[in-house]
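The values are calculated or read from the model by the stated rules, or taken from the named source; none is laboratory data. Keep in mind that this is a model prediction, so the values were computed, not measured. As a convention, Cβ positions derive from the backbone with ideal geometry for all residues, glycine included, and neighbour counts pool all protein chains shown. These accessible areas exclude ligands, DNA and RNA; they are computed on the full protein's heavy atoms, side chains included. Shrake-Rupley method; radii C 1.70, N 1.55, O 1.52, S 1.80 Å.
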Amino acid sequence: MAPKTILTCAVTGNITTREQHPRLPVTPQEIATAALEAADAGAAIVHLHARDPETGQGSMRVDLFREIHDRIRDKNTSVIINFSTGEGGRFVPDVHIPSQAAEGTTLTDPLTRVAHISEIRPDISTLDLNTMYSGTAVVINTPENIRKMAQVILESGTLPEIELFDGGDLQLLKTLLADEILRSPPWVQFVMGVRYGMAATAETLPYFVSQLPPNTQWGAFGVGRHAFRILAQAYLLGGHVRTGLEDTIFIEKGRLARDNAELVEKGAHIIEQLGGSLASPEEARSMLGLSG
């Protein structure tokens, strides 16, 4: 029997706005409800950011993450909860004095970025390895800060999901594994189609997969118009998949997705049409070495 495919739903992210999609989940209740609907549609993992309910901006507040976590667990004890630690890494240089931070900067110390992980101890936590230009900001994840965050994540009993945006990130991953900062085999997610990052082309993903350490469990996703094409390619190359309103707001060209559940349903349909089947949360836990 062919291995099953883990589908992650990235529910809201920290960039998309209500102006872009009127049903984007923002409050803890909305995010938890969207996660539960995605799980019912077939997602084994729900990837979650917190947002400030008043401003809609991304937030590192532990109380918001806790409310999201508890609302999900009150209704579903099996879906795998994956918290982001990406917030707190953006530096916007001042136009006139580039060494000074301008409005929109969130860059903070690494322990603040993982405080919700140590307190709530979710199943999975993302760990971004990228330092790159993104929009109007520079995302900064220094090797030293990554080491500090990785230590907290692992001490919390949480599985790091390593986010790779480009080739240098892959080399950093290999160094972290060699130095035993991260445990082998890793759980890796390729982020494709972000401007100035890994190109979402048919040639790119096979190369990066070929460079992974042995026995690595991996997934990939494309942003925007690349979302479903990369989903299909990841499956065909033996990887796992991801979709959700963080990655794309469209179910097809020119039509907004109804919600996260509709994106999951389409992803599941693509996998099934290609001959595969989705892993349940219990099966995904076994595949990733997570406790029940």
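A few points about this structure:
- Here the chain is assigned +1 on the Cβ of each Lys and Arg and -1 on the Cβ of each Asp and Glu. Its dipole about the Cα centre then comes out at about 420 debye.
- Antiparallel bridge percentage (DSSP; both residues within the chain; nearest 5): 25 percent
- Computed log₁₀ I(q)/I(0) - Debye formula, equal Cα scatterers, no solvent, segment 158-214, q 0.14, 0.20 Å⁻¹: -0.37, -0.73
- For the chain, accessible area per residue (1.4 Å probe, heavy atoms of protein chains only), Å²: 45 Å²
- Largest-first principal axis extents, alpha carbons of segment 156-292, Å: 47, 38, 28
- When exposed loop sites are taken as GluC sites (Glu not before Pro) in a DSSP loop with at most 11 other Cβ atoms within 10 Å, the longest stretch of the chain clear of them is 204-292.
- For the chain, the fraction of 1.4 Å probe accessible surface lying on carbon and sulfur atoms is 51 percent.
- For segment 227-292, the dipole from Cβ point charges (+1 on Lys and Arg, -1 on Asp and Glu) about the Cα centre works out to 220 debye, to the nearest 20.
- Cα-based Rg / Dmax (Å) for segment 93-157: 13.8, 44
- Segment 162-244: trypsin sites (Lys or Arg not before Pro) in DSSP loop, at most 11 other beta carbons within 10 Å: ARG195
- Largest to smallest principal axis extent of the C-alpha atoms in segment 57-209, angstrom: 47, 38, 30
- The chain: Cα Rg divided by the 2.2 N^0.38 Å rule of thumb: 0.93
- Percentage relative contact order, segment 25-131, counting C-alpha pairs under 8 Å, at least six apart: 26 percent
- Short-range pairs are left out: with C-alpha atoms under 8 Å and at least six residues apart, the relative contact order of segment 170-292 is 17 percent.
- Gap separating the Cα centres of segment 242-287 and segment 80-141, nearest whole Å: 27 Å
- When both segment 227-241 and segment 21-39 are represented by their alpha-carbon centers, they are found 24 Å apart.
- More than 15 Å apart - percent of Cα-Cα pairs taken over segment 10-110: 63 percent
- The slack between ASP94 and ASP74, meaning 0.36 nm per residue of separation minus the straight C-alpha distance, is 2.7 nm.
- By the helix-only formula, in which each DSSP H run with n ≥ 4 contributes -39500 (n - 2.57) and the sum is divided by residues, the chain has a 222 nm mean residue ellipticity of -10500 deg cm²/dmol.
- Residues in segment 46-88 that a label on ILE140 would reach, taking backbone N under 17 Å of a point 7 Å out along Cα→Cβ: 86-88
- Dipole-positive endmost among THR16, ALA39, PRO206 within the chain (Cβ charges, Cα centre): PRO206
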